[in-house]
Amino acid sequence: MTKTALITGATSGIGQATAHEFAKHGIALIVCGRRQDRLDALQKELENHCRVHTLNFDITDREAVFKAINSLPEDFKIIDILINNAGNAHGLDPIQDGNLDDWDAMMDSNVKGLLYVSKAVIPQMTERQSGHIINIGSSAGKEVYPKGNVYCASKHAVLALTEGMRMDLNPFGIKVGAINPGLVETEFSQVRFKGDHSANDVYKGFAALQPEDIADIIYFAITRPPHVNIADLLVLPTAQASATLVKKEL
Ligand code: 8X3
């Protein structure tokens, strides 16, 4: 039977590439994001391959999350796969200079938003005793780097929540795993550096991961046999050995 996946942050980067990858394989999609024009464009591109429903809401808005997910039409109500992808970095400052709005934005989306969406989806999975949740973490969830402080903390929290969910949902046969990418060339750095030109340098001089590389791995994870769960995967560009060690040819 065709499965249905809900993807947060589907209007760009890894989320968008994952929507394309899943669509290729006919998985029905609930694509979520804050930009209706981008959601509409995505729906148009994908609906030749699969059924698509768009949900426009902000994952940091608790009420909006529940309202959106509870409003799903009958034929999209059963969610087999949840991809908790939405999240971002805001700023790259030493802790003493950190901006409180940046901190709030990162904790609100990367941690609390992921929790709200999970809370809205999990009850139907426990009821059916099946489901698969993939949280998109980061190499920053495994390794702290200078000025990464709050972003790294938020991604460490994603890994802790992944482990906690896996334990609590274990009696229900629900798969929970994290995919943790290193440097992926997306709008990520544009957002982190607020459009500053330094964002352009982040992926220069080496072959960064592309969103499609991660989408491919997510598809691999969701197509393992029932007894196999990809619990925790760190994915780096070959040129990246750690958060601060990247072999660049400039
Ligand atoms: C993105 C990877 O190295 O910019 O999560 O923190 S990094």
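Build a GNM of the chain with springs between Cα atoms under 10 Å: which of THR238, THR162, THR18 gets the top mean-square fluctuation?
Among THR238, THR162, THR18, the largest GNM mean-square fluctuation belongs to THR238.
Calculate, in whole percent, how much of the Cα-Cα pair population of the stretch 92-250 lies beyond 26 Å.
For the stretch 92-250, the share of Cα pairs beyond 26 Å comes to 32 percent.
Please give the calculated 222 nm ellipticity per residue for the chain, where each DSSP H segment of at least 4 residues contributes -39500 (n - 2.57) and the sum is spread over every residue; nearest 500 deg cm²/dmol?
Details: 8 runs with 92 residues, N = 250.
For the chain, the value works out to -11500 deg cm²/dmol.
Provide the gained length on full extension for the span ASP40 to TYR145, in nm with one decimal, where the gain is 0.36 nm per separating residue minus the Cα-Cα distance.
Using 0.36 nm per residue and subtracting the Cα-Cα distance, I get 34.0 nm.
Students often forget the sequence filter, so: which lysines lie under 18 Å Cα-Cα from LYS248 once same-chain residues fewer than 8 apart are removed?
Cα-Cα hits under 18 Å: LYS204.
Enter the accessible area per residue of the stretch 198-250 (Å², integer; probe 1.4 Å; all protein chains in place).
With all protein chains present, the stretch 198-250 gives 59 Å² per residue.
Using a probe of 1.4 angstrom, how much of the accessible area of the stretch 1-60 is carbon and sulfur, in percent?
The value for the stretch 1-60 is 42 percent carbon and sulfur by accessible area.
Using only Cα atoms, find the angle between the long axis of helix 211-222 and the longest principal axis of the chain, and express it within 0 to 90 degrees, rounded to the nearest 10.
For helix 211-222, the angle is close to 40 degrees.
Filter the cross-link list LYS155/LYS247; LYS147/LYS194; LYS67/LYS175; LYS44/LYS119 down to pairs whose alpha-carbon distance in this structure exceeds 27 Å. Present the calculation step by step, with values, prior to reporting the outcome.
Numbers: LYS155/LYS247 24 Å; LYS147/LYS194 16 Å; LYS67/LYS175 25 Å; LYS44/LYS119 29 Å.
In this structure, LYS44/LYS119 lie more than 27 Å apart at Cα.
Remind me, relative contact order of the stretch 163-220 in percent, using alpha carbon pairs under 8 angstrom and six or more residues apart?
Details: 33 pairs, mean separation 17.9, N = 58.
Relative contact order, the stretch 163-220: 31 percent.
Using the basic label-point model (7 angstrom from Cα toward the beta carbon), what is the PHE66 to HIS197 distance in nanometres?
4.8
Taking a point 7 angstrom from the Cα of HIS227 along the C-beta vector, which residues in the stretch 175-203 have backbone N less than 20 Å away?
175-177
Need one number: nm distance between label points at HIS25 and ALA160, each 7 Å from Cα along Cα→Cβ, rounded to one decimal.
3.2
Percent of accessible area on the stretch 91-196 owned by carbon and sulfur, 1.4 Å probe? Write out the running numbers ahead of the final one.
On the way: 2570 of 4650 Å².
Here it works out to 55 percent.
Where does helix 149-169 land angle-wise versus the long Cα axis of the chain, in degrees 0 to 90, nearest 10?
Here the helix axis deviates by roughly 30 degrees.
Length gain on complete extension for the stretch PHE220 to HIS49, per 0.36 nm per residue less the alpha carbon to alpha carbon distance?
Difference between extended and current length: 59.7 nm.
Can you tell me the orientation of helix 114-128 relative to the chain, as the angle in degrees between its alpha-carbon axis and the longest Cα principal axis, to the nearest 10?
Approximately 30 degrees, to the nearest 10.
What is the dipole size for the stretch 101-250, taken about its Cα centre, with +1 at each Lys and Arg Cβ and -1 at each Asp and Glu Cβ, in debye to the nearest 20?
300
May I ask you to derive the relative contact order of the chain, considering only C-alpha pairs under 8 Å and at least 6 residues apart, and to give it as an integer percent?
About 19 percent, as a whole number.
The values are calculated or read from the model by the stated rules, or taken from the named source; none is laboratory data. Please read these numbers as outputs of a predicted model, since none were measured by experiment. Here the Cβ is made from the backbone with ideal geometry for all residues, glycine too, and neighbour counts use every protein chain on show. Side chains included, ligands, DNA and RNA excluded: accessible areas come from the protein's heavy atoms. Shrake-Rupley method; radii C 1.70, N 1.55, O 1.52, S 1.80 Å.
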